[in-house]
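To keep things clear, I will list the structure first and then write my remarks on it.
What follows is calculated from the coordinates using simple rules that are stated; it is not laboratory data. What you see is a predicted model, and the numbers here were worked out from it, not measured in a lab. In this analysis, Cβ positions are derived from the backbone assuming ideal geometry, glycine residues included, and neighbour counts consider all displayed protein chains.
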Amino acid sequence: MSTAMDTEVLVIGPGAGGATTAMVLAEAGLDVLVLEEGPWVEPGSVTPFSIGEMEKAYRHHGSSAALGSPPIAYAEGRCVGGSTEVNSGLWARLPDALATEWSRTYALEEFSPEVLAGYADRIEALVPVHTVPG
């Protein structure tokens, strides 16, 4: 069964990035719809790091793999909150050298370290971001 919906902006995935994007766009007056394929997992309904949590909140019920050279194992969320929910909301700013390289390589005028820092400052003011010890 399919349902037709109209929206100005469709955000796929309500992790920290998608949810923050949806909030900013909605506050700007746009009609925003957020879509997640997985379920809502009620806080406290599953034991953290348990098989039950993996079955409800993780893609493939646990570990995923990117096959290649080298192969990489990773955890991917499939619930409201997405991978942010299962990976404790990891956040890192793009290194300035990489932003500069991508800006030059792909002719992205608005992709300078200074512009990106402004966006990161705005996000960090909205979402609690803290340095991990060590």
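Relative to the compact globular guide of 2.2 N^0.38 Å, what is the alpha carbon radius of gyration of segment 22-72, as a ratio?
Cα Rg divided by the expected 2.2 N^0.38 Å: 1.68.
Would you please report the Å³ per residue occupied by the convex hull of the alpha carbon atoms in the chain?
Details: hull volume 27.4 nm³, N = 134.
Considering the Cα atoms of the chain, their hull volume per residue is 205 Å³.
Quickly estimate the mean residue ellipticity at 222 nm for the chain, helices only: each DSSP H run with n ≥ 4 gives -39500 (n - 2.57), and the total goes over all residues, rounded to 500.
So the helix-based figure for the chain works out to -10500 deg cm²/dmol.
Per residue of segment 75-80, what does 6.51 cos²θ - 1.76 cosθ + 1.60 with θ = phi - 60° give for ³J(HN,Hα)? Whole Hz please, x for Gly and Pro, Karplus curve as stated.
9, 10, x, 9, 7, 4
Amide H neighbours of ARG93 under 5 Å, counting only residues 5+ apart in sequence or on other chains, H built in-plane at 1.01 Å?
The list, which skips near neighbours in sequence, is empty: none.
What's the ranking of 6-12, 57-63, 16-22 by average number of surrounding C-beta atoms within 10 Å, highest first?
16-22, 57-63, 6-12
Please list, ordered by chain and number, the residues whose modelled amide H lies under 5 Å from the amide H of TYR58; skip anything fewer than 5 residues away on the same chain.
ARG78
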